[in-house]
1. Pairs only if they're at least six apart or on different chains, beta carbon under 6 angstrom, first in the range 56-84 and outside the structural domain of residue 13 (by TED's automatic domain parsing) and crowded, with 18+ Cβ neighbours inside 10 Å, second modelled with pLDDT under 95 and in a helix (DSSP H, G or I); list them, first residue then second.
2. For the range 160-177, indicate whether the set of residues that are at pLDDT 90 or above, of a type in the set (Ser, Thr, Tyr), surrounded by 11 or more Cβ atoms within 10 Å (Cβ to Cβ) and farther than 17 Å from residue 119 by Cβ is non-empty.
3. Taking the range 178-194 only, how many residues are surrounded by 14 or more Cβ atoms within 10 Å (Cβ to Cβ) and among the small types (Gly, Ala, Ser)?
4. For the range 90-139, what are the residues that are of a type in the set (D, E, K, R) and either surrounded by fewer than 16 Cβ atoms within 10 Å (Cβ to Cβ) or touching a His at 6+ places or on another chain (Cβ under 9 Å) (or both)?
5. Restricting attention to the range 16-30, does a residue exist that is under 30 Å from residue 170 (Cβ atoms), in contact (Cβ under 8 Å) with a residue 24 or more places away in the chain, touching a Lys or Arg at 6+ places or on another chain (Cβ under 9 Å) and assigned to a helix (DSSP H, G or I)?
6. Quick check on this structure: which one of 149, 88, 96 is in the same structural domain as residue 177 (by TED's automatic domain parsing) and either touching a helix residue (DSSP H, G or I) at 6+ places or on another chain (Cβ under 8 Å) or not small (Gly, Ala, Ser) (or both)?
7. Mind listing whichever residues of the range 72-108 are more than 30 Å from the chain's Cα centre (by Cα) and closer than 15 Å to residue 42 by Cα?
8. Take the range 197-219 and flag every residue that is among the β-branched types (Val, Ile, Thr) and surrounded by 14 or more Cβ atoms within 10 Å (Cβ to Cβ).
Amino acid sequence: MAVDFLTPEQKAHYGQYAGEPSESQLARYFHLDATDLAFVADRRGDQNRLGVALQLTSVRFLGTFLPDISVMPVNVKQYVGRQLAIEALSVLTEYAQRDTTKREHNALIRKHYGYKEFGDRPWVFRLSRVLYTRAWISNERPSVMFEIAVTWLVQHKVLLPGESTLSRLISEIRKRAADRLWLQLSSLPNETQRANLETLLQIPEGQRASEFDRLRKGPTTISGPAMSALFRGCAANLLSIASL
């Protein structure tokens, strides 16, 4: 199955801000409770307190850490800054230049809030089980399953893997579900029905196409009589296949 099923827009927005979060999203993901404020207060300097708070709220919202906090929407910076009584957003310029500090803060957030790596086996297994169930029951499009997977990872505090890694996992799961379906379908016909099905693939002497090829094509003339003739032919073949 195809792996590259995401649209350019989905790829661009994966693990990134797709615009300014709404008011409800700000209240849900970017509000700092007492535990958050205590964690942030342990950092020295406004630039570090605001920087670590933005890293914390962004991973909570996106499911991943942003290497460049300058791309964060202004309303996010303002919303978080007001909670810390920091109005001068310019202090982030110094924070953005200190890669070592950002890595240290990311490690502290992972440990303090229990974020896991996607490669940890239990989490890959649990996500695969969820996706396989969706693929088997509803046969959802891969792009929809991708969004389901991202939401599940964010909810369970599992850091997002690379886009291609998640796409490959979904393609493999959909293939497993499809293989299982075809295996079950192939076991349904009895010997006589299998023989009847195989006759559809045989090309009669003097002809260029099999009966199956003919049935795959619509009527050459779009009319009532032509459609009726096609339906009668299909019905006759189905009855032949179903007969014992």
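The values are calculated or read from the model by the stated rules, or taken from the named source; none is laboratory data. Owing to the predicted nature of the structure, the values given are computational and were not obtained by experimental measurement. FYI the Cβ positions are ideal-geometry reconstructions off the backbone, even for glycines, and counts take in every protein chain you see.
1. Cβ pairs passing all conditions: none.
2. There is at least one residue in the range 160-177 that is at pLDDT 90 or above, of a type in the set (Ser, Thr, Tyr), surrounded by 11 or more Cβ atoms within 10 Å (Cβ to Cβ) and farther than 17 Å from residue 119 by Cβ.
3. Looking only at the range 178-194, we keep the residues that are surrounded by 14 or more Cβ atoms within 10 Å (Cβ to Cβ), and these are 178, 189, 193.
Now restrict to residues that are among the small types (Gly, Ala, Ser): 178.
Final tally of qualifying residues: 1.
4. Filtering the range 90-139 down to residues of a type in the set (D, E, K, R) leaves 94, 98-99, 102-104, 110-111, 116-117, 120-121, 126, 129, 134.
Listed by number, the residues that qualify are 94, 98, 99, 103, 104, 111, 116, 117, 120, 121, 126, 129.
5. Scanning the range 16-30 turns up at least one residue that is under 30 Å from residue 170 (Cβ atoms), in contact (Cβ under 8 Å) with a residue 24 or more places away in the chain, touching a Lys or Arg at 6+ places or on another chain (Cβ under 9 Å) and assigned to a helix (DSSP H, G or I).
6. Working: 88 fails: in the same structural domain as residue 177 (by TED's automatic domain parsing); 96 fails: in the same structural domain as residue 177 (by TED's automatic domain parsing).
Of 149, 88, 96, the one residue that is in the same structural domain as residue 177 (by TED's automatic domain parsing) and either touching a helix residue (DSSP H, G or I) at 6+ places or on another chain (Cβ under 8 Å) or not small (Gly, Ala, Ser) (or both) is 149.
7. 84, 101
8. Applying the first criterion (among the β-branched types (Val, Ile, Thr)) to the range 197-219 yields 199, 203.
Residue satisfying the conditions is 199 alone.
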